[in-house]
Structure formats: structure tokens, C-alpha cells
Amino acid sequence: MTATWNVLKYPMLTLLVVIEFFIIASFSTAPIEHSLLMWLMTGIAFAMYDESLKEVEGE
């Protein structure tokens, strides 16, 4: 799983950001502000998940 995860990690994050941008852009009046906020939230959540995965692998 580690090798597969390392290969798919950043394309998955990019895809999530693109999908979030289009969803938010369709519903908001200032989509760039909301998409940047969602990108930040996605990045933070992704980093937290990645750190928890590293902790599990380290045990």
C-alpha cells in the first residue's frame, strides 16, 4: 500500500482540489476566495491523514 499510496497521493489531492473548485464555483458569488479556503482545508486534512498513516506504519 505504501508504494501505491506514494504514487497516487498528489494526483488525488490535485483531483480533489479541482472538483472542489468546480463545486464551489457553481454555488458561490466569489468562487476564488472559497476555492482557496477549501484548498487550504483539503491540504490540512490531507497532511493530517498522511501523518497518521506514517504513525501507523512506524509502529
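A short reminder: the numbers here are calculations on the coordinates, not readings from a lab. Model, not experiment: these values are computed from the prediction. Neighbour counts run over all protein chains shown; Cβ positions are idealised from the backbone, glycine included.
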Open item on the list: Using C-alpha positions alone, give me the convex hull volume of the stretch 2-58 per residue in cubic angstrom.
Closed with: 60
Open item on the list: Restricting to Cα pairs below 8 Å that are 6+ residues apart, what does the relative contact order work out to for the chain? Please round to a whole percent.
Closed with: 28
- [ ] Would you mind ranking K54, K9 by Cβ crowding within 10 Å, fewest neighbours first?
- [x] K54, K9
Task: 222 nm mean residue ellipticity, helices alone, for the chain (DSSP H n ≥ 4; -39,500 (n - 2.57); rounded to 500) - done: -32500 deg cm²/dmol
- [ ] Note down the magnitude of the dipole of the stretch 2-58 about its Cα centre, charges +1 on Lys and Arg C-beta and -1 on Asp and Glu C-beta and zero elsewhere, to the nearest 20 debye.
- [x] 140
Task: Segment K54-L36, extension gain: residue separation times 0.36 nm, minus the distance between their alpha carbons - done: 3.8 nm
